[in-house]
1. Find the relative contact order for the stretch 77-141 and round it to a whole percent, using C-alpha pairs within less than 8 Å whose residues are 6+ positions apart.
2. Convex hull over the alpha-carbon atoms of the stretch 1-43: what's its volume per residue in Å³?
3. Rounded to the nearest 500, what is the 222 nm mean residue ellipticity of the chain from helices alone, with -39500 (n - 2.57) per DSSP H run of 4+ residues and division by all residues?
4. Based on Cβ point charges of +1 for Lys and Arg and -1 for Asp and Glu, what charge dipole magnitude is obtained for the stretch 44-134 about its Cα centre, in debye rounded to the nearest 20?
5. Give the accessible surface of the chain per residue, rounded to a whole number of Å², with probe radius 1.4 Å and ligands, DNA and RNA excluded.
6. Is there a pair in LYS7/LYS46; LYS7/LYS36; LYS7/LYS55; LYS55/LYS141; LYS7/LYS68; LYS7/LYS109 whose C-alpha atoms are over 21 Å apart, and which pairs would that be?
7. Whenever you get a sec, compute what percent of the accessible area on the chain sits on carbon and sulfur atoms (1.4 Å probe).
8. What is the local net charge at THR131, summed over the other residues whose Cβ is closer than 12 Å to its Cβ (Lys, Arg +1; Asp, Glu -1)?
Amino acid sequence: MLNEILKVLQDDARATPDRISAMIGASAEEVTRIIKEAEKDRTILKYTTLINWEKVQNEQVWAMIEVKVTPQKDVGFDAIAERIYRFPQTRSVYLISGSYDLFVLIAGKSNREIADFVSQKLSHIDGVHETFTQFVLKRYK
């Protein structure tokens with residue numbers, strides 16, 4: 001039941017216990033109890049808001065960048081990932097398996113802004129050896 005509740009909350013952090021209970025077939029009291037337990041044991045870390053920025057500002061260009069790095073002694077990939085996620089253009093950074101080590105999602109006002117970010121900021125970080133940039137053409141979900 002916990003997994004069902006978490007899936008609903010992940011899709012809609014504002015879902016009420018009454019709504020969740022109707023969706024999964026449990027009582028609202030039981031849903032409330034499970035949510036409070038998950039918050040207490042830090043299964044639920046925080047509630048977030050997903051914003052459709054296209055409705056409130058000029059359209060943004062999104063890019064997905066795969067980054068090949070050399071892990072640093074004693075901290076691995078974490079120090080480089082932290083440097084990358086501190087840039088205001090960065091929306092998410094993931095450690096991934098495969099040919100590259102990090103997956104970085106960034107947003108900018110134009111292709112040129114993203115290109116400048118990659119060439120002037122990202123590629124100059126010590127330990128970054130290679131990047132592969134893909135621009136988002138259309139988002140479905």
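The values are calculated or read from the model by the stated rules, or taken from the named source; none is laboratory data. Every value quoted in this text rests on a predicted model; they were computed, and no experiment measured them. Virtual Cβ from ideal backbone geometry, glycine too; neighbours counted across all protein chains shown. Side chains are part of the model used for accessible areas, which takes the heavy atoms of the whole protein and leaves out ligands, DNA and RNA. Shrake-Rupley method; radii C 1.70, N 1.55, O 1.52, S 1.80 Å.
1. 20 percent
2. Hull volume over Cα atoms, normalised by residue count, gives 59 Å³.
3. -9000 deg cm²/dmol
4. Its charge dipole is roughly 240 debye.
5. Ligands and nucleic acids excluded, the figure is 73 Å² per residue.
6. LYS7/LYS55; LYS7/LYS68; LYS7/LYS109
7. Carbon and sulfur atoms account for 49 percent of the accessible area of the chain.
8. -1
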